[in-house]
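Trainee: Sharing a structure below in structure tokens format, with a few things to ask.
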Amino acid sequence: MGLAELVLGTAPIAAGALFGAVTGNFKGPDVRTTIMRDMDLLERLSADDRGRRDRLRALVDRRVDDLLSSEERAIQLQESAQLYQGISRDLLVMLGTVVFVVVWWYVPHTHAHWIITFVVLCGLTLAAAIQVARAAAHAVRKRVNVTPAG
């Protein structure tokens, strides 16, 4: 097996890791900076230009309202995420990796990158299984440690 075959075998895995890294670092527009620029522009407009000032003021008000509602939604999501234990997500990830291992097993073994991908998929399945076991153990410990009031 040459270097080219090794690179070809790891390409799908590297692409998945790169995609995960890129999506994890995506940031939307900076709304606060936009609001500050609009407020600065509002101050610079002459007092005689009532129509533009009113329209710009309405735009700033809408942006501030949108910012406040998105912050409230973020707080709600954060609160619900703290309540969520994540065992079902971990279980689904593990089942997905098991399915991928089974599907990959039926791909012709003559592919040069077959063994590399199979080993990585087995490793990911093992990592997901460990995570499920940890989450399940945590849930059991939490349930056992809960004492009834009274």
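All of the numbers you see were taken from the coordinates with simple rules; none came from a lab. As the structure is a computational prediction, the values presented were derived from the model and not from experiment.
Trainee: Output the relative contact order of the stretch 85-150, whole-number percent, from Cα pairs under 8 angstrom with separation of 6+ residues.
Mentor: With pairs under 8 Å counted, the relative contact order is 47 percent.
Trainee: Same structure, new question: Per the Cauchy relation, a quarter of the hull surface: what is the mean projected area of the convex hull of the alpha carbons in the stretch 25-84, in nm²?
Mentor: That works out to 5.0 nm².
Trainee: What Rg and what Dmax come out for the stretch 85-150 when only alpha-carbon atoms are used, in angstroms?
Mentor: Radius of gyration, then largest Cα-Cα span, for the stretch 85-150: 17.1, 66 Å.
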